Structures are given as structure tokens and as C-alpha cells.
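Reviewing the structure listed below.
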Amino acid sequence: MNENRLLIDVGSTYFKVAANNDVQQHFRDFNKNIFDDLKYKCEDIISKYQKEDIFICSSANGGLSTLIIGITHSFSLKYAINTAYNSGINIIDTVLYSQIEEVSIPSDLIDVVIVVGAIDGVSGVFDEKLLNYLSQINYSNIVYVGNKDDAPYLKENIEKLVILPNIIDEKLHIQEEPLKEYLTNLYQADIVGKEDIKHLYDITANQIFSTPYIVNQTLPLLVSKFKVADPYILIDIGGATTDIHYSKDLVDDNMVIDNEYDRLVFKKLGVFKSKESLIFSAKNNEFVYELLAYLKVTENIFDEQSEKALKILMQLAIFLVLCKVSNYNKAYVTLKLNALNSLVFTGGITKVLQQEDIENIVSFFYKKILNSNHNPSIVMDSNYDIWTMATRD
Amino acid sequence: MSLLQEEREIILNNEYVDNFDFAEVEEFVKNASKDLFISYNFAKSNKMLVQPRGGFPTYNKMFALYEFFVDANVDVLPCTIDSNTRLNDYATSKKMLRLSEENEVDMLNGYPLVNHGYRTTRKMMTHFNKPISLRHGTPDARLLIETAIASGIFEIEGGPITYLLPYSKNFPLDKAFLYWKYVERVCAKYSGLNEPINRESFGPLTATLVPPCITIVIQLLEMLLSLEEGVKSFSVSFSQSGSMNQDIVMGAVIKKLAKHYAKEINCEDAKVHLVYHQWMGAFPQNKDFAEQLINMSTVIASMVGADKIITKTREEASGIPTKEANAKTVANTQYTLRILNGLPNIVDEEEEEILTEEVMSIMEAVFNDPADTLWRKVFNSIKNGIIDVPFSPHIINNNEMITIRDANKNIRIIKRGKVPISDRCYEYEKSKCDLTKDTTSIVNDIIHDIGIMQ
């Protein structure tokens, strides 16, 4: 780690401060705003560094909520989803343009709407149906990364529309950089606008990135520090969300992008802020009662507030995310979990579960869901090295 | 413990691997018969080695195949791996192996090496005391290669480009480079114990209208990636192109430039060999014609001075060849080689000069990529279209280069895409072709070419 840098990660439940190979973790005091809490606990170390040498990433404000409108699941929507996830953005919904007149209108405020579709040379894809739909939703930003020919029409009719190069090139390859840059900049602007976090710029002169984006950037470096073999997945179970970063050779359907790893986020599988939805998902899983018996507890555990209950929730979260990316549950991505060599865990989960707790649940998952004795190696990033490795570069 | 060793332990801690014993395998390699090493056979043999293709799912059928091959005077035994194993799907290959054993019907198109395991396979591989070549087509061959070497297979075919661009649509190319780096390191590590493990690139690529400069560049790059990891015995290869003259020129240029670039990275101590593949395109339905085609390949292999020839069979157009057909082709090839004596040394200076310039221009562009490692430079070059393999199904391939045959059946580039060959070479290539034809006729020529040997 660069000795002249102070690295800070602001999570929804913890913040972590790293310098000189030493990582401190502090549980957040929710009665204070993040900046005051951080200053209160870490003033000594922060005061030793120049603003230029302090690097911060954050997932504390929940990230940007995004709605994507595209014309095909296989190209436009898929590409935009991929880029948004890898930029650390959370997607609240996707709309297939052919169904735009029938879909329900989201009631939440959307941070950014992404409109994408068709290769350059095709025109007349978007019409007043799009304008009608947009007029009914509440959004702060809108960006167009679709075919070049429709851009003037949309520019004329949509206020504050940002137009970027088409995300799909003529060979149907993904051109993700412009959108990625736009989304990461928007994230920064969003942070500046959030009362809770914007004061962090009082202590750093560098851009604050989203934590998932930073973690995604670090994955190619992971082998230099951890006993891990590709292909692997990294699971980050936090207070609000669960992120999976996965090696691209675990999917059949790849896109040509620069990073070797992609990200998926499960917004409703956190153990604190989204605990209720985690329990809801668990109760709807046909294996859950067998799983609880395997863990030697009953469903009463869901009503308990104890360390044991927290551990069980964490184990359930692992089981559920593995289910969601396996053949058992056809989600956005199905991973070839039988080819997995390592499973890396980071985030709050490493503070609660022991290695054997994780091995226990992973083994149950492989036996019950995949009918396999496969046994990927388990790696615990207990010291939060992963995000510090990313930030230092 | 080194990072490589840590990775090896994770890779071999797989449910389909039965307790891999590193120390025991090292001891085995150290004491293995030198005859099992193709690098040793290359050094001691004064003839071209003949190697067929072939692989069956069950141990008994594989053993029977080898018995046939030995009777047919084979020099190198093949071990062709089934397609499930190639995709790292050991669960399916295990199931299909069991069905093959129970029903005596081949449910796999090759030998599921990982499922058989090295302890069992080694008995067969050491029994015949001949070198064995691993043929597979796997982008992530780490577990397969460990099992192969532990079994006594000391020649490993493939590479990150040649086993990906012709075979795969989606597998990430950057990952393939890293996984093959592991393979090279393991081969280099074992090479210090006895004779060198030989690595062989797969030159035929898509086997359809691949221009010589692309074939050679990819061969050279895979060779360099292997040598820089410490491999000491490497085979570059290509397949019969359809033009005898072009094959002879290609053979001369690839040998010359392999030596040149190995020296550039201070690896001139490594032994580089040349392997020639009999016709890899579509085969004639007429089995007599197929046999003539195969025989012609053998003659050309002699003229290019190949160290090894890999055979095809007269049954190629009608399905998976039988062991009898494979054995027959080996016997025929050996016969042809025995009667070929005193062939003239043909040199086409103009063609050699053009091809050399084309290859060196592309190589220079690859080396000029700003990335910090060779594999990343090569990766970027493929992604940017500096290297473009015609008819590759892979999503990363640029697919802008267009090639056709001239009147003498030479493969010529008529659209270079982003491949940086000089204007002089490009004009030379085009000047050999009749480009006054309309586009439809050119497309029809290309389609016809896929079946050129009919």
C-alpha cells in the first residue's frame, strides 16, 4: 500500500480507514452525519494527510437508481445493464420499448434514465411513445446512448437530454467507455448533492467513486494477494445490498469489454437495511426449511435479534445469492458454478461469519441445488484488503 | 509457497480429481522413459514423425486404438479429449463415460482424461513407451494439463489464440491468455526434471482461407509467450493451404522468423520444431480423392521439411474415423515418406520477401502496442483488428479481412481491414487476383473455396 495515501471507504454500516497497511473499521453512528462521525473517530489520522493524498469511495448513499429503456434484451438492454452495474450503479427497472405502453410507471424518484437501442444507420426507432412514458416518470437525469439517427429527434423533444455515442457498434460490440464515464461522474455529482456525504470533499481533493466500481477495478489484481484461482466470484454482503463480481468465463454469453469481471447487484439482499426482504426471499425458497434444519435452527430465528440470528441471516444471504446466479433461478445472469475454483467474501459478512460457517453453507448449496460435491476454495477478505488494493491504484 | 503453487493446489482440489500428489508426479516425470518425450524423439529421429488423430471415451477402446496405431508404425500417439472436458464440464463427461462403459456405445467424442484420472491413464501411456500428444481445444486447460503430464503425456497442443479464435464464440480472450500462462509455467517447471515438455501451437486456425501472414504471426506470438515463461521445446505449425507453392514459402518463412524472434527475446537456446497438418478443410466425399489429397499433403510436408506430420483419414467427410481408418492412414503416410527421396529445394524469392515483410509489419505493430506485457499487447492487437482471423466465430475477432484464391490457388488478401500490411504488399496481393469480378462472383468464389478439394 502506498504509504503516502489515506484510503477511506464509507459503507452503509461501517466505514474503514486504511493507511500504512493498517485498516481500521468503525461501526457507523447513525445519530451523526457521516462526515462528523468520521472526523470524530479518525481526526488524528485524517489530519496527517494532505487533501490530495486522501482517496474515498462510498456506497453509503445507496448509489444512483437507474431505469433503462432499450429495444432488445440481447443487445441494447443487456449492454446498458452491464455498463451500469460495472459503473457501480443500481438498476431499479428495465423497460423493453415494445412494451412501454403497458408497463407500470415507477413511483420512485429515478436518478438517471438511460435510453438505448439500435445500431447507427437504423432510424425511427423512438417516437412519441417514449416521450409519453418519460412525461409520467420522475427523474433527475437522462442520457441517450442509442442509434445516431434518432438523436436529433430526441434532443429536440426531451429536456436536458445528454447524448453520448451509441453503446453498440456496427458489429454489435459494446462501446461502454462514454456511458461509464458519464455514470461515474454523475455518481460524483450525486454525492456532492447529498447532504450526508458532500462534506467529504472537505477532506479530499480526489473524485469519490462508488465502492462497487472500485472493487470491480481491483479484481484482476486479486491473485497477487490472495490464495485464489480463477474463475472465481467475489460476494460482498453488506448492510443494504449484496454484490457479486464474477469472472466472465463463468458465463456463456460474454461481451467484449475491457474488464475481465462483471458485477451483479441484489438490492434486496442486505442483512440490515433490507433485512425484511431478505427474510421474505428466504421464506419463498423451497429449500429454506431444510436449510434451517441443517443449520440447527427453526424459523423462529427470523424474529430474533441476536448474534446467532445475524449469522443465520448472513448464511441465508449467501445461499440465496448463489441460488440467484445458478440454474435453479433464471435471473439476468446464470453462472457456471461447477467451474468455480474460488469464492471470495468481503464486506460486513467477514466480520460475522467464520470460514467454516461459509464452507458449511456453500457445501449445502452445491449438494442440494447443483447435486454436486464440488468444493471451491473459500477466501475471506477480513481485512478489507480488496477495496484498499483498488483505491491505491 | 509460490503463487503458482497456491493456484495449482486450488485447481487440483476439484471434486473430479482424485487426490493429486505433486511430489509423486514430480518423481514420475523425473524418472520417466525418455521415449515418452517428443522433444527427445525430435532430437534422435532422422525422419519426419507421423502422428494420427484419435480418442475414444473408454479405457479399453483407447487402449485398442493405441494397439492398432503401434501396429501401423505410428511415431506419436494422440490423445484427443472429448468436447465436454474441453468445456470444463467434467460432470457431463463423467456421466457419459459411465454410459459408454455400460452400453458399449461411444457417448463422447474423445478421451475424458480428467475423469479417468492420472493414475489409471498413466498405465496406458507408459505401456506403449511412445510419445503422446494431447489434442483438445480448451481455453482453460489448467486442470487438463496437470492431469496429462501426471499421466505421462509430455506434449501439449494449443495456445490462447489458436485454441480460442477457431473454437469459441464467447470465452474471454484475456482469460485464455492468463490460463495458458499457467500452462506454460507448469510445462516449464516440469521441463527441468527430465527432457523438456514440448508445447505445440495449433496452426490451422479456422482452416478456411487464412492468409499465411496471419497464421505465421499467431504461431510466432504463441511461441514467444511460451518461451518467455521458460518452455524449451516448442512446435510451430500450419496446415496444407491448398497451394503447394504457398506452403513451401510459408515453411521457409516460419522457420526463419521463429529463429529470429526467439533470439529477439534471448531464447535462442529453445528448440523450435515445425509441424505440418494434412488438409484441414472440407474433405471430398469420394474416399479415393480424399486419399489422394492426404498423399499430396505428405509430399508437401516433406518439401517444407516438417519435423512432424499430423494425419487425416479417407473417412473424414463421412463421420468420426474408425481406428482401422486411422491406422491405415498412418501406414500409408509412412510408406509415402519412405519412398520420397531427393526432393528438389524450391524457393520463390519474391513470395518469401513479400510474406516476410507482411509478417514483420504485423509483429512490429503488436510490439508497438503500449501495454506492459506481451500477452496484453497481443490481446489488444486482436481486439483492435491488427490480427484478424478470417471466419473466426469469436466475438472479439475483427472479421474485416477478406481473402480469396488467385488463379494458382494461393490465398490472397483483397481487403486488409486493420491489419497493418504495407501498401506495397497489399498491392502485390491484390495484383494476383481478378478483382474486376462483381461482388456476388467473389462471394461465390469464397463459398466455393470452402469445398475446394471436392
Exercise. What does the charge dipole of the protein assembly as shown about its Cα centre add up to, to the nearest 20 debye, if the Cβ of each Lys and Arg holds +1 and the Cβ of each Asp and Glu holds -1?
Worked result: 1560
Seminar exercise, completed: Sorting B:Ala252, B:Ile310, B:Ser100 by the position of each Cα along the dipole of chain B (Lys, Arg +1; Asp, Glu -1; all at Cβ), the one nearest the positive end of that ordering is B:Ser100
Exercise. From the backbone phi of segment B:148-154, what are the Karplus-calculated ³J(HN,Hα) couplings (6.51 cos²θ - 1.76 cosθ + 1.60, θ = phi - 60°) in whole Hz, Gly and Pro given as x?
Worked result: 5, 5, 5, 8, x, 9, 10
Exercise. To the nearest 20 debye, what charge dipole does segment B:3-339 have about its Cα centre, counting +1 at the Cβ of each Lys and Arg and -1 at the Cβ of each Asp and Glu?
Worked result: 720
For this session: Measure off 7 Å from each Cα along the Cα-to-Cβ vector at A:Ser382 and B:His260, then give the distance between these two points in nanometres to one decimal.
Result: 5.7
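Quick check: net charge around B:Lys328, other residues with Cβ under 10 Å of its Cβ, Lys/Arg +1 and Asp/Glu -1?
Combined, the nearby Lys, Arg, Asp and Glu give -1.
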Seminar exercise, completed: A correct Karplus calculation of ³J(HN,Hα) over segment B:42-54, with 6.51 cos²θ - 1.76 cosθ + 1.60, θ = phi - 60°, whole Hz and x for Gly and Pro, returns 4, 5, 8, 8, 10, 9, 6, 7, 10, 9, x, 9, x
Seminar exercise, completed: Log entry, pair A-B: total buried accessible area, probe 1.4 Å, protein chains only, in Å² rounded to 100, is 2200
Problem set entry | Cα-Cα P(r), chain A, percent of pairs per 20 Å interval | 27, 56, 17, 0
For this session: Check each of the trypsin sites (Lys or Arg not before Pro) in segment A:325-393 and keep only those in coil by DSSP with at most 16 other C-beta atoms within 10 angstrom; list them in order.
Result: A:Lys330
Exercise. What is the extension gain from B:Val347 to B:Asn368, computed as 0.36 nm multiplied by their sequence separation minus the C-alpha to C-alpha distance, in nm to one decimal?
Worked result: 4.4 nm
For this session: Would you please state the base-10 log of I(q)/I(0) at q = 0.06, 0.08, 0.09 1/Å for the protein assembly as shown, with intensities from the Debye formula using one equal scatterer on every alpha carbon?
Result: -0.46, -0.80, -0.99
Seminar exercise, completed: Per the charge dipole of segment B:319-454 (beta-carbon charges, Lys/Arg positive, Asp/Glu negative, Cα centre), the residue among B:Ile362, B:Ile411, B:Gly451 reaching farthest to the positive end is B:Gly451
Problem set entry | chain B, helix-only ellipticity at 222 nm - DSSP H runs n ≥ 4, -39,500 (n - 2.57), divided by all residues, nearest 500 | -15500 deg cm²/dmol
Exercise. Once the Cβ-Cβ distance between A:Glu359 and A:Tyr49 is put in as r, and R0 is 45 Å, what FRET efficiency do you end up with, to the nearest 0.05?
Worked result: 0.70
Problem set entry | Under 5 Å, built H, 5+ apart or other chain: amide partners of B:His277 | B:Phe238, B:Ser239, B:Gln240, B:Ile310
Seminar exercise, completed: Ordered by number, the residues of segment A:219-249 with at least 10 Å² less accessible area in the assembly than alone (1.4 Å probe) are A:Val223, A:Ser224, A:Lys227, A:Val228, A:Ala229, A:Asp230, A:Pro231, A:Lys248, A:Asp249
Exercise. In nm, what is the difference between 0.36 nm times the number of residues separating B:Lys271 and B:Asn109 and their Cα-Cα distance?
Worked result: 55.0 nm
Problem set entry | B:Glu200 long-range amide H proximity, modeled H, under 5 Å | B:Ile156, B:Glu157, B:Gly158, B:Ser235
For this session: Positive end of the charge dipole of segment B:3-339 (Lys, Arg +1 and Asp, Glu -1 on Cβ, about the Cα centre): tell me which of B:Asn129, B:Ser239, B:Leu144 has its Cα farthest that way.
Result: B:Ser239
Exercise. What residues from segment A:129-159 fall in the zone where the backbone N is under 17 Å from a label point 7 Å along the Cα-to-C-beta line of A:Glu101?
Worked result: A:129-136
For this session: Mind checking which aspartates and glutamates have their Cα closer than 19 Å to the Cα of A:Lys324? Skip sequence neighbours fewer than 8 apart in that chain.
Result: A:Asp93, A:Asp236, A:Asp243, A:Asp249, A:Asp252, A:Asp253, A:Asp262, A:Glu276, A:Glu286, A:Glu290, A:Glu359
Exercise. Taking GluC sites (Glu not before Pro) that fall in a DSSP loop and have at most 15 other Cβ atoms within 10 Å as cut points, what is the longest piece of chain A between them?
Worked result: A:171-285
Seminar exercise, completed: Surpassing 24 Å at the alpha-carbon level, of the pairs B:Lys30/B:Lys95; A:Lys336/B:Lys232; B:Lys130/B:Lys256; B:Lys44/B:Lys130, are B:Lys30/B:Lys95; A:Lys336/B:Lys232; B:Lys130/B:Lys256
Exercise. When we measure straight from the Cα of B:Lys437, which lysines land under 29 angstrom away, once same-chain ones fewer than 8 places off are left out?
Worked result: A:Lys171, B:Lys409, B:Lys415, B:Lys418
Exercise. With each label point set 7 Å from Cα along the Cα-Cβ vector, what nm distance links B:Ser45 and B:Val443?
Worked result: 4.6
Exercise. R0 = 51 Å: FRET efficiency of A:Asn132 with B:His127, Cβ-based, nearest 0.05?
Worked result: 0.10
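Mean residue ellipticity at 222 nm from the helices of chain A, using -39,500 (n - 2.57) per DSSP H segment of n ≥ 4 over the full residue count, to the nearest 500 deg cm²/dmol?
Helix-only estimate at 222 nm: -9500 deg cm²/dmol.
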Problem set entry | Accessible area of the protein assembly as shown belonging to carbon and sulfur atoms, whole % at 1.4 Å probe | 47
Problem set entry | Whole-angstrom gap from segment B:220-248 to segment B:339-360, using each part's C-alpha centre | 16
Exercise. Using a cut-off of 16 Å between alpha-carbon atoms, which lysines can reach A:Lys351, once sequence neighbours fewer than 8 places away in the same chain are excluded?
Worked result: A:Lys16, A:Lys308, A:Lys311
Problem set entry | Karplus (6.51, -1.76, 1.60) ³J(HN,Hα), θ = phi - 60°, over segment A:128-134, in Hz, Gly and Pro reported as x | 5, 4, 5, 4, 4, 5, 5
Seminar exercise, completed: Here the relative contact order (percent) of chain A, from C-alpha pairs under 8 Å and at least 6 apart, is 15
For this session: Compute the long axis of helix B:374-383 from its Cα atoms, compare it with the longest principal axis of the Cα atoms of chain B, and write down the angle in degrees, 0 to 90, nearest 10.
Result: 50
Problem set entry | chain B, relative contact order in percent, only Cα pairs under 8 angstrom and at least six apart counted | 15
Problem set entry | Helix axis angle, B:90-103 relative to chain B longest principal axis, alpha carbon, degrees | 70
Problem set entry | Between segment B:384-437 and segment B:255-279, the Cα center-to-center distance that results, in Å | 25
Problem set entry | Within 10 Å of each Cβ in B:171-180, the average number of Cβ atoms from other chains | 5
For this session: Using the heavy atoms of the protein chains and a 1.4 angstrom probe, tell me the accessible area per residue for the protein assembly as shown in square angstrom.
Result: 39
Seminar exercise, completed: Between B:Asp434 and A:Ser74, the two model label points (7 Å from Cα along the beta-carbon direction) sit apart by a distance in nm of 3.9
Seminar exercise, completed: The size of the Cβ-based charge dipole (Lys, Arg +1; Asp, Glu -1) of chain A about the Cα centre, to the nearest 20 debye, is 880
Seminar exercise, completed: Tilt, helix B:118-127 to longest principal axis of chain B (alpha-carbon atoms), in degrees rounded to tens, equals 70
Problem set entry | Alpha-carbon centroids, segment A:75-92 and segment A:1-41: separation in whole Å | 29
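The values are calculated or read from the model by the stated rules, or taken from the named source; none is laboratory data. Just so you know, these numbers come straight off a predicted model, no measurement behind them. Quick reminder, even Gly has a Cβ in these numbers, built from the backbone with ideal geometry, and neighbours come from all protein chains shown. Areas reflect the complete protein model, heavy atoms only, side chains present, ligands, DNA and RNA absent. Shrake-Rupley method; radii C 1.70, N 1.55, O 1.52, S 1.80 Å.
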